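Chemist: Questions regarding the structure given below will be posed in turn.
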């Protein structure tokens, strides 16, 4: 089975050639992010991803997590890898320095996250959720909660979870029934059951800090009556060490299509008198606080999609290079050749490659904007950058994960019949990727968020600002260079399609929300495709200039141009069709009776 190779050269292109590192280094608190330091971080992360996490990927898939009498055992080598992960400081990379973190910018940590997810997505889920718990407690918890819980989460000595949904609730969190009863000492007794809790029970650490949504007696109905609580697996003693077990029990773990190494738990709270919990922030604002974790997780799940897609692409390329079958169409001899010489295989590989590069570049752009939104000295720029991040979170989550499934499926196709056989490894990527468009909000939920909260609510201001940036990029492409001119033309058509779709939302959302909703998923896809084309156009512009410089890697920059050219001709060309389905495609679905389905 081919090993994973971290795509450091493409990451360096974004950081150096595209100038993203230089931009983040200009922000207060990040001036130490020199080229040498960032390169060292990525190199070390690549070594750990390639040497430790990647070999465990298939082991986790085949052994899975195992439940027995309320305890969960992770796959062979998992615990040792996690201990090494925490000891090397990776858990603390982007965490706040005041709690022992390293304070790395999101731009850098996002690229490192991709490496973890490409190497072993089931493993990477655990620290991803811990970071979300850290952020929620740091931003909304009391000083006492921060002092007690955050340092050990930052160090990785403990892990964190999100406990949102319940058997009767699904994505409708207004239906949450878990309750929290206040106690005289200021704590709460938590009762209820939570499902789909990633790493809700495991043997990697001695304690797990659960963030739990529950209702306090007398709270308003619906989402306005939900509060957020810290409920640890193990309570602390008077000295702050681990004490007695809290009333939290793992009832079972799920048997899943993929990500077998990641335990997905059903947790019962309060079967023996109530689990002790502490309120985070104010009563009845729990869902608002949980969205801190959820938005961070949605971006991270988008990065999962990028990592999985990269891994599937690498495996497909390796197989296409070594699989000898058939003669080359139009070739000089009748000798058998590697299937990478066959036109349709090359089409599949280029489709995989171009979309991976578009997704990575777009995610980096959003990560940089996150850093700017938090740290830029100009308040107006902070607001502008945050608006861009808010707009793009559902796109990153929805488009990148849908792409991951599609790209992993293409990887199976490149392998032919061998792709359907588990031993080649291609099928695992498809199985692992399939959950990513579902959890942390399905693609449909992301699409509704995009059209409702992110476009209609602000009257399209953020979307139009982004479209203006895209037009600047499109106009900057030289029209006297045949290759760049072709990209420029396709991007122009794509931007127009996106602008038409945004205009449709603004005109019809208030009076015909159902009609808009029917086109929301195609709009999310359109948004991702055009935004990805915008990013590859920028990369092509830089690559074209670099070809004129002495001593550069000509093959790398030519490949950049060919990748952007392929994307423009095979992916951006979907934009006109998508906008038509948004503008005209809803009537039939609305007209169909329920009984006719």
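The values are calculated or read from the model by the stated rules, or taken from the named source; none is laboratory data. Everything numeric in this text was worked out from a predicted model, so none of it was measured. So basically every Cβ, Gly included, is an ideal-geometry build from the backbone, and we count neighbours across all protein chains shown.
Chemist: Here is a check on your reading of the model: is residue 594 more than 14 Å from residue 537 (Cα to Cα), surrounded by 11 or more Cβ atoms within 10 Å (Cβ to Cβ) and out of contact with any helix residue (DSSP H, G or I) (no Cβ under 7 Å at 6 or more places or on another chain)?
Modeler: Working: more than 14 Å from residue 537 (Cα to Cα): yes; surrounded by 11 or more Cβ atoms within 10 Å (Cβ to Cβ): no; out of contact with any helix residue (DSSP H, G or I) (no Cβ under 7 Å at 6 or more places or on another chain): yes.
No, not satisfied.
Chemist: Part of a loop (DSSP other than H, G, I, E, B), touching a residue at least 12 places away in the same chain (Cβ under 8 Å), touching a strand residue (DSSP E or B) at 6+ places or on another chain (Cβ under 8 Å) and under 16 Å from residue 125 (Cα atoms): does that describe residue 165?
Modeler: Numbers: part of a loop (DSSP other than H, G, I, E, B): yes; touching a residue at least 12 places away in the same chain (Cβ under 8 Å): yes; touching a strand residue (DSSP E or B) at 6+ places or on another chain (Cβ under 8 Å): yes; under 16 Å from residue 125 (Cα atoms): no.
Answer is no for this residue.
Chemist: For the stretch 67-82: of the residues being outside any loop (DSSP other than H, G, I, E, B) and in contact (Cβ under 8 Å) with a residue 12 or more places away in the chain, which is surrounded by the fewest Cβ atoms within 10 Å (Cβ to Cβ)?
Modeler: Of all residues in the stretch 67-82, those outside any loop (DSSP other than H, G, I, E, B) come to 67-68, 71-73, 78-82.
From what's left, in contact (Cβ under 8 Å) with a residue 12 or more places away in the chain: 67, 71-73, 78-79, 81-82.
Numbers: 67: 19, 71: 11, 72: 19, 73: 17, 78: 24, 79: 15, 81: 20, 82: 22.
Among them, the one singled out is 71.
Chemist: Grab the strands (runs of 3 or more DSSP E) fully contained in the stretch 189-272, keeping just those with 2 or more residues being modelled with pLDDT of 95 or more and under 30 Å from residue 56 (Cα atoms).
Modeler: Numbers: elements: 208-214, 227-232, 234-236, 242-245, 248-253, 264-269.
The strands (runs of 3 or more DSSP E) meeting that bar are 208-214, 248-253, 264-269.
Chemist: Test of understanding: among 104, 124, which residue is buried (at least 21 other Cβ atoms within 10 Å of the Cβ) and over 13 Å from the mean Cα position of the chain (by Cα)? Reasoning before the result, please.
Modeler: Working: 124 fails: over 13 Å from the mean Cα position of the chain (by Cα).
Criteria check complete, one pass: 104.
Chemist: Sticking with this one: Only one of 541, 570 is surrounded by fewer than 16 Cβ atoms within 10 Å (Cβ to Cβ) and over 20 Å from residue 444 (Cα atoms); which? So that I can check it myself, show each step before the final result.
Modeler: Details: 541 fails: surrounded by fewer than 16 Cβ atoms within 10 Å (Cβ to Cβ).
Every option except 570 fails the conditions.
Chemist: Follow-up question, since we're still on this one. Mind checking which pairs have a first residue in the stretch 170-191 that is on the phi > 0 side of the Ramachandran plot and a second that is surrounded by fewer than 17 Cβ atoms within 10 Å (Cβ to Cβ) and in a loop (DSSP other than H, G, I, E, B), Cβ under 9 Å, 6 or more apart or different chains?
Modeler: none
Chemist: So, one more: In contact with a strand residue (DSSP E or B) (Cβ under 6 Å, 6 or more places away or on another chain), under 30 Å from residue 434 (Cα atoms) and either in contact (Cβ under 8 Å) with a residue 60 or more places away in the chain or assigned to a helix (DSSP H, G or I) (or both) - does that describe any residue in the stretch 141-151?
Modeler: no
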